[in-house]
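Structure first, then comments.
Derivation of every value follows stated rules applied to the coordinates shown; laboratory data play no part. Bear in mind that the values here come from a model prediction, so they are computed numbers and not experimental data. With ideal geometry, Cβ positions are generated from the backbone for all residues, glycine too; neighbour counts draw on all protein chains shown.
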Amino acid sequence: MALLTVLAQAAQTAASSGLAQAGGAIGAGIAAIAAGIGVGNIGKSALESIARQPEAANDIRANMILAAALVEGVALFGVIAGLLAVVL
């Protein structure tokens, strides 16, 4: 039970000093940047794969779009969590 009181006190201190808001903003920015890097790597790999096997372009493109959508979904959760930390 002592651990919970220590964590509650630390959260109260961080909230009053603005560290939680700064951390939330930094977290949202990192999530957005990481998503951009991830989607860029997915596109790069897909283009390389299509260049090597042009006959498989449709399959590669479909998988690329699915992977990019999953990366963007996770990034959206990260950005929302960061913005909630800033607002709340």
Give me log10 I(q)/I(0) at q = 0.19 Å⁻¹ for segment 28-88, Debye formula, one equal scatterer per alpha-carbon, no solvent. -0.68
May I ask you to compute the full-extension gain from residue 61 to residue 5, defined as 0.36 nm times their residue separation minus their alpha-carbon distance, rounded to one decimal in nm? 15.0 nm
Taking Cα atoms, how many degrees apart are the long axis of helix 57-87 and the longest axis of the chain, rounded to 10 and kept between 0 and 90? 10 degrees
Can you tell me, using C-alpha contacts under 8 Å and at least 6 residues apart, the relative contact order of segment 21-87 as a whole percent? 66 percent
Based on the Cβ-Cβ distance of residue 48 and residue 26, what FRET efficiency does E = 1/(1 + (r/R0)^6) give at R0 = 25 Å, to the nearest 0.05? 0.15
Given the -39500 (n - 2.57) contribution per DSSP H run of 4+ residues, what per-residue ellipticity at 222 nm results for the chain, rounded to the nearest 500 deg cm²/dmol? -33000 deg cm²/dmol
